[in-house]
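**Q** Below are the structure tokens for one structure; questions will follow.
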Amino acid sequence: MDTTVNEPVLSVRGLSKSFTLHTQGGTVIEAFADLDIAVRPGECLALHGPSGAGKSTLLRALYANYKPCSGSIIVKHGNSQVDMATASPRAVLSVRHSTMGYVSQFLRVIPRVSCLDIVAERLSLHGEKDDAAREKAGELLARLRIPKGLWNLAPATFSGGEQQRVNIARGFIRHYPILLLDEPTASLDAANRETVVALIREARSAGSAVIGIFHDEAVRDAVADRVFTLRPH
Amino acid sequence: MMPDEISRRTEALPGEEPALLQVEGLSHYYGERLGCRDISFDLWPGEVLGIVGESGSGKSTLLNLLAGRFPPSSGTIRYRDAEGLTHDINSLSEAVRRRILRTEWGFVHQHPRDGLRMRVSAGGNIGERLMACGSRHYGNIRSTALDWLERVEIAADRIDDRPTAYSGGMQQRLQIARNLVSGPRLVFMDEPTGGLDVSVQAKLLDLLRQLVRGLGLSVVLVTHDLAVARLLAHRLIVMRRGEVVESGLSDQVLDDPHHPYTQLLVSSILQG
């Protein structure tokens, strides 16, 4: 038996984040302070708290999109450990490449790249042949009810819900040991919400540790086994 | 806020090649006037480093120093060539310097006319670079030129036209083809999308992104356009008045800027 299975894949210790707005008189906004979190393979932790409590900021800090002021974010990356709070840019990119996936609230659109290629790229960057990558991307887009007629279009002109589903497909197309989800069902109808719930459950079964913000209570109950509450400052 | 971060020596990650470019304490003065001061960083294989800042911040001075276009007032630039030999860029013999410039480096100028020969056909512009690298067979040169025109989305029947008959966007794509045809390891780019219409810019950006990723190029990219920097660069250096004020992972610098100047730059972007 593998004794490392129950070790956390992500351990947060004493994590604090504030923003100093130099262009607005040096105003300091505290997002959160002194957080401790541990997540193990297959677990799903739901971040809970009112708007402005720092949930999205915490996810972004875990992904090293925001730089924490203090504390550590230790990630199991292959056979090594990386502290996302202090890692070099190259180490962070390496973690994002293979260990940590992130589904943001909004798709940042790349001009001219088709939605099929946006999703397939995640596989081809890992050595999958272009045709096979596109085929798998198509299967997932179909599952998320993106009409085939849109696959070869760049998503700039898609509706909010369609863009969100392309974003979800990109996050779920391959296995990430850690998956960060920021309101993945926010602009989806009931049928697509069910699909996303199924995708999250499948990811957990495959061993992904999931940390997410789920505004929808039914979705949260369906996917999460623990809740972490953030309090506004 | 954290200019020390840029000079931090980071070891190669496991299984990775050593740094391609090592820059230490680089400063340049135009007489009394400061060009740039005390710049240090490493560039790794396959890495795209963006240098951002306003006009006059010293970013073009830095780019020209890195490319060995003029010597710095002080500091060193070490380049590790394809054979694994490390050279001090400012004490190269002319022969080695020319070999590296022709075969291992590229330089994409903001204005295509600075990087193209305007009186020579498109095919000739690409072929000239190949011949400088030792190609002699006309048929091979022409077929390689055709292949590269296709890769930069220029129709094959335009191969015998001069760049003067091309649009600005096509000229820029031709300049990129001329630079990449010889398979360089390191490409310097000075505002490559700067002089183009927005719609043409998007096409060029996408093309650059694909080429850089596909070829695993190392790039030093100067741009004042933060959207271009976000899309192309892994890592950013923010310059003001000749000095580095902030550096780090591109999306972190742009989404969570710490230095007052970076915050001002980011908050000045118009929301589209």
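**Q** Hey, what angle do you get for helix B:168-180 against the long axis of chain B, alpha-carbon based, 0 to 90 degrees rounded to 10?
**A** Long axis of B:168-180 versus the principal axis of chain B: about 90 degrees.
**Q** Additional query: Can you give me the long-range amide H partners of B:R235? Hydrogens built in the peptide plane at 1.01 Å from N, cutoff under 5 Å, separation of 5 or more residues or another chain.
**A** B:V48, B:G50, B:S250
**Q** Which residues in region B:96-126 have a backbone N closer than 17 Å to a point placed 7 Å from the Cα of B:D157 along the Cα-to-Cβ line?
**A** B:122-123
**Q** How crowded by other chains is A:86-96, given as the mean number of beta carbons from other chains within 10 Å of each beta carbon?
**A** Going residue by residue through A:86-96 and averaging, the value is 5.
**Q** Cβ under 13 Å from B:Q201's Cβ, B:Q201 left aside: what net charge do those residues give with Lys, Arg +1 and Asp, Glu -1?
**A** 0
**Q** Let me ask another. Running Debye on the protein assembly as shown with equal point scatterers at the Cα sites and no solvent, what base-10 log of I(q)/I(0) appears at q = 0.05, 0.09, 0.11, 0.12 Å⁻¹?
**A** -0.21, -0.70, -1.03, -1.20
**Q** Given the DSSP H assignment, sum -39500 (n - 2.57) over each helix run of at least 4 residues in chain A and divide by its residue total; what's the result at 222 nm in deg cm²/dmol, nearest 500?
**A** Calculated from helices alone, the mean residue ellipticity at 222 nm is -10000 deg cm²/dmol.
**Q** Could you tell me how far the Cα centroid of region B:138-204 sits from the Cα centroid of region A:28-100, in Å?
**A** So the separation of the two Cα centres works out to 42 Å.
**Q** Just how far, in whole angstrom, is region A:133-154 from region A:198-215 if you go by their alpha carbon centroids?
**A** Computed from Cα coordinates, the inter-centre distance equals 21 Å.
**Q** Pairs of Cα atoms under 8 Å, at least six residues apart: use those to get the relative contact order of chain A, whole percent.
**A** 28 percent.
**Q** Turning to a different aspect of this structure: Per residue of B:246-252, what is the mean number of Cβ atoms on other protein chains within 10 angstrom of that residue's Cβ?
**A** 5
**Q** Angle, helix B:122-132 long axis vs. longest principal axis of chain B, Cα atoms, 0 to 90°, nearest 10?
**A** Its long axis makes an angle of about 70 degrees.
**Q** Apply the Karplus curve 6.51 cos²θ - 1.76 cosθ + 1.60, θ = phi - 60°, to the phi angles in region B:190-195 and return the couplings in whole Hz, x for Gly and Pro.
**A** Once θ is set to phi - 60°, the couplings for region B:190-195 become 10, 6, x, 10, x, x Hz.
**Q** Per residue of B:226-233, count partner chain C-beta atoms within 10 Å of its C-beta, then hand back the mean as an integer.
**A** 1
**Q** While we're looking at this one, here's another question. What's the angle, to the nearest 10 degrees (0 to 90), between helix A:190-205's Cα axis and the longest principal axis of chain A?
**A** Roughly 70 degrees, rounded to the nearest 10.
**Q** Could I ask something else about it? Determine the calculated [θ] at 222 nm for chain B from helices alone, applying -39500 (n - 2.57) to every DSSP H run no shorter than 4 residues and normalising by the residue count; nearest 500 deg cm²/dmol.
**A** Helix-only estimate at 222 nm: -11000 deg cm²/dmol.
**Q** Local charge sum around A:G212 (other residues, Cβ-Cβ under 12 Å, Lys/Arg +1, Asp/Glu -1)?
**A** That sum, taken over residues with Cβ under 12 Å, equals -1.
**Q** List the residues whose amide H sits under 5 Å from the amide H of A:Y66, counting only those 5 or more places along or on another chain, with H placed 1.01 Å from N in the peptide plane.
**A** Those lying under 5 Å, H to H, from A:Y66 are A:A61.
**Q** Then there's this: Find the relative contact order for region B:117-183 and round it to a whole percent, using C-alpha pairs within less than 8 Å whose residues are 6+ positions apart.
**A** Result for region B:117-183 is 49 percent.
**Q** For region B:117-183, state the average projected area of the convex hull of the C-alpha atoms over all orientations, rounded to one decimal in nm².
**A** Reported value for the Cα convex hull: 3.9 nm².
**Q** Output the relative contact order of chain B, whole-number percent, from Cα pairs under 8 angstrom with separation of 6+ residues.
**A** In percent, rounded to a whole number, it is 27.
**Q** Now a separate question. State the volume of the convex hull built on the alpha-carbon positions of region A:109-174, expressed per residue in Å³ and rounded to an integer.
**A** 73 Å³
**Q** Taking K and R as +1 and D and E as -1, what net charge do the other residues with C-beta under 15 Å from the C-beta of A:T57 add up to?
**A** Every neighbour counted, the sum reads -2.
**Q** Then there is this: What percent of all Cα-Cα pairs in chain B falls into each 5 Å bin, going from 0 up to the bin containing the maximum distance?
**A** All Cα pairs, binned at 5 Å, distribute as 1, 6, 12, 17, 18, 17, 13, 9, 5, 2, 0, 0 percent.
**Q** Now, a different point. Hey, rough spin-label estimate for A:A132 and B:S135, points 7 angstrom out along Cα→Cβ, what's it come to in nanometres?
**A** Label-label distance for A:A132 and B:S135, simple model: 3.3 nm.
Read the figures in this text as sums done on the coordinates, not as results from a lab. Small disclaimer: the values here were computed from a predicted structure and weren't measured. For neighbour counting, all protein chains shown are included, and Cβ atoms are generated from backbone atoms with ideal geometry for every residue, glycine included.
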